[in-house]
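Taking it in order: structure first as structure tokens, then the write-up.
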């Protein structure tokens, strides 16, 4: 038997398909195409966590800070602009036409930035993301965010923080404070 893989779709396209599927499953009909298109792009309007902008500012003073996301670059530009999030760089999984946790996404980030994995800290609120980064020998920092995931008992991340601001404080002081 031969596996048939679907061609790669952008995050925006996947979200649009998921929206139509969800509306169909809930038997919601009659929305205009313009309304469907607007709803499918809701990810472009996500607001950052309240501590994110200031914490990123603090981190950028001492570290190279780069976003690595499954979101399309257009979505990232919209979100980061509205949220006033400033990075040294932004990388999207769309560049390699796959999604995290595929190892190719993490390797692409390291190769693009010319960084050694063991000297790179992957920061995320999703344990699955950190597990995949760790498998590529990156250091890891879990930032607790409500509804985003809880580490499994077997997870061993390098740092644990209650917020991005807490992580910035830990890194500034040279290590965890709890």
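The values are calculated or read from the model by the stated rules, or taken from the named source; none is laboratory data. A quick note: this is a predicted structure, and the numbers were derived from the prediction, not measured. Counting neighbours? That spans all protein chains shown, and the Cβs are built from the backbone with ideal geometry, glycine included.
The one condition from (1) at pLDDT 95 or above; (2) in contact with a helix residue (DSSP H, G or I) (Cβ under 7 Å, 6 or more places away or on another chain); (3) over 23 Å from residue 57 (Cβ atoms) that residue 149 does not meet is (1).
Exactly one residue out of 59, 19 is over 16 Å from the mean Cα position of the chain (by Cα) and in the same structural domain as residue 169 (by TED's automatic domain parsing): that is 59.
Listed here are the residues, each with its yes/no results for (1) touching a strand residue (DSSP E or B) at 6+ places or on another chain (Cβ under 7 Å); (2) touching a residue at least 40 places away in the same chain (Cβ under 8 Å); (3) loosely packed, with under 10 Cβ neighbours inside 10 Å.
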site	(1), (2), (3)
30	no, no, yes
36	no, no, no
49	no, yes, no
60	no, no, no
65	no, no, no
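Of the candidates 131, 156, 145, the single residue that is surrounded by fewer than 18 Cβ atoms within 10 Å (Cβ to Cβ), under 23 Å from residue 115 (Cβ atoms) and in the same structural domain as residue 116 (by TED's automatic domain parsing) is 156.
Identify all residues within segment 78-97 that are more than 17 Å from residue 122 (Cβ to Cβ), part of a loop (DSSP other than H, G, I, E, B) and touching a helix residue (DSSP H, G or I) at 6+ places or on another chain (Cβ under 7 Å); write none if there are none. 83, 84, 85, 86 - these are the residues of segment 78-97 that are more than 17 Å from residue 122 (Cβ to Cβ), part of a loop (DSSP other than H, G, I, E, B) and touching a helix residue (DSSP H, G or I) at 6+ places or on another chain (Cβ under 7 Å).
Yes or no, residue by residue, for (1) more than 21 Å from residue 8 (Cβ to Cβ); (2) in contact (Cβ under 8 Å) with a residue 12 or more places away in the chain:
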site: 76; (1), (2): no, yes
site: 98; (1), (2): no, yes
site: 109; (1), (2): no, yes
site: 127; (1), (2): yes, yes
site: 147; (1), (2): yes, no
site: 159; (1), (2): yes, yes
site: 165; (1), (2): yes, yes
